[in-house]
Amino acid sequence: MKLADKWNALVEKSTGKSVFLRHEWFEAAWQWRQHSSELCILTVHQDDVLIGICPLVKTRVLKNKLSLRALEFLTIPDTQFCDIIAAPDEKPLVLEAFSRWLKQTRRSWDTLNLSYLPNTSPTSESLPAILQKAGLQASTSQVEQNPYIELQSNWDEFYKGCSRRLKKGNNLIRNKIQRAGDVRLEQAQTPEEVRNALKVLATLSSQSWKQTTNTTFDNAGPKAFIERLTSLAIQQNWASLWILYLDDKPLAAEYQLIYDGDVFALRSDFDEKAGDLSPGSYLNWQLLERLFGQQFEQQMDQPLKRYYMGPGKNAYKKRWTKISVPIHRVTGYNTSLRGRIIYSIDQYIRPWKQQCSQWLTPNTEKKDSTK
């Protein structure tokens, strides 16, 4: 059996199985990360049976003017969740093996950064203690949230519970965009539809404000990633793209993956020239309404479960939902000189500076109030 098959079989056994743990996702993500990192996939076996996978990369990061050798998950900006892959009853063995490997290879890394861990992951809770027992400093912190919307209820009931402010804003956007011309929304799901829709999204992406972030699809890494992901997603019936048209001209698009009944919004872009029409907001509203009651390919008698909006503190997400999955990060420090320096900065110097700033702020405000 190929590693990809064994990998995905292990994902099916793991807690919180996700499309972001599948071999296909990491294969696509590597098309992006290979330009800046060294692949470091660790596999853990027991009696020649694969029981754990640590999807890592080695990379160089600049922090506090120090060049550090960092171990990280193989992630990209589009990643929503990540973890060390193992069945629940074998997870402790895999984490212990990972800890031993880190200690054995301590000459080759300075810092460990395992992000995108869902708060329910045993890795988030158990790994720091295991690393500390091995003589390595480590801690867990919440760094982000991934908001989501439950799709198994009725749309009318859900929308009724949304704020009056949101509904009023949506109505204003709808009136404005419908006055501008003929509006239609299309969902691409067949292989040909998805490939054509991807070309539209790539064009919108290349004209987006995101150009300054170097993550648009006209850049080599992101382009290679989305093309490989789309090819693999089509094979698995995961791909779903939505396009909003105004008089046959595409104004906005969203790329999604649908896996095990969950919908993950990966990318969305809109025509900057039509920004006054708020096409992105209108698209988000309309596709969300259509997702309620939809069924997914793998089990046609089952409705979609959740719509994940992706990590981030965008204001529009808060308008739609108050529930989210907390995202954690495990940070570790080696006993190397650079590792110890960064640990001291992160654990002592930076908190001290923040505390000093808090002490000074009230004094400043008091002084200003007497002027």
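Every number here is computed from the coordinates shown, using simple stated rules; none is lab data. Model, not experiment: these values are computed from the prediction. Heads up, the Cβs are rebuilt from the backbone with ideal geometry, glycines too, and the neighbour counts pull from every protein chain shown.
Taking amide H as placed 1.01 Å from N in the peptide plane, the amide H of residue 324 sits under 5 Å from that of 148, each at least 5 places away or on another chain. When +1 charges are put on Lys and Arg Cβ atoms and -1 charges on Asp and Glu Cβ atoms, the dipole computed for the chain relative to its Cα centre reaches about 1920 debye. Once Lys and Arg get +1 and Asp and Glu get -1 on their Cβ, which of 281, 216, 153 lies farthest toward the positive end of the dipole of the stretch 152-304? Positive-most Cα among the choices belongs to 281.
Under the convention that each Lys and Arg Cβ holds +1 and each Asp and Glu Cβ holds -1, the size of the dipole of the stretch 150-307 around its Cα centre is about 620 debye. What is the stretch 145-192 by shape, rounded, prolate or oblate, if you read a ≥ b ≥ c off the alpha carbon gyration tensor as root eigenvalues and call it rounded for a/c under 1.5, prolate for a/b larger than b/c, and oblate otherwise? It comes out oblate by the Cα gyration axes. With θ taken as phi - 60° and the Karplus curve 6.51 cos²θ - 1.76 cosθ + 1.60 applied, the whole-hertz 3J(HN,Hα) list for the stretch 96-101 is 5, 5, 4, 4, 5, 5 Hz, x standing for glycine and proline.
Helix 164-180 and the longest principal axis of the C-alpha atoms of the chain enclose an angle of approximately 50°.
Between the amide H of residue 52 and those of 44, distances stay under 5 Å, these residues lying 5 or more places away or on another chain, with hydrogens modeled in the peptide plane.
Structural descriptor for the stretch 152-304: relative contact order 27 percent, calculated from alpha carbon pairs under 8 angstrom and at least 6 residues apart.
Under 27 Å of direct C-alpha separation, and excluding same-chain neighbours fewer than eight residues apart, residue 249 reaches these lysines: 167, 168, 176, 199, 210, 223, 273, 317. For the stretch 15-29, backbone phi angles converted through the Karplus equation (6.51, -1.76, 1.60; θ = phi - 60°) give residue-by-residue couplings of 6, x, 4, 8, 4, 7, 9, 6, 4, 4, 5, 5, 4, 5, 4 Hz, Gly and Pro being listed as x. Think of each Lys and Arg Cβ as +1 and each Asp and Glu Cβ as -1; about the Cα centre, that makes the dipole of the stretch 72-226 roughly 700 debye.
When shorter helices are ignored and each DSSP H run of at least 4 residues is given -39500 (n - 2.57), the per-residue value for the chain at 222 nm works out to -13000 deg cm²/dmol.
For the stretch 152-304, rounded, prolate or oblate, judged on the Cα gyration tensor with a ≥ b ≥ c (square roots of eigenvalues), a/c < 1.5 rounded, else prolate if a/b > b/c? Note, shape of the stretch 152-304 comes out oblate. Packing-based ranking of 199-208, 72-81 yields 72-81, 199-208, ordered from highest to lowest mean Cβ neighbour count within 10 Å.
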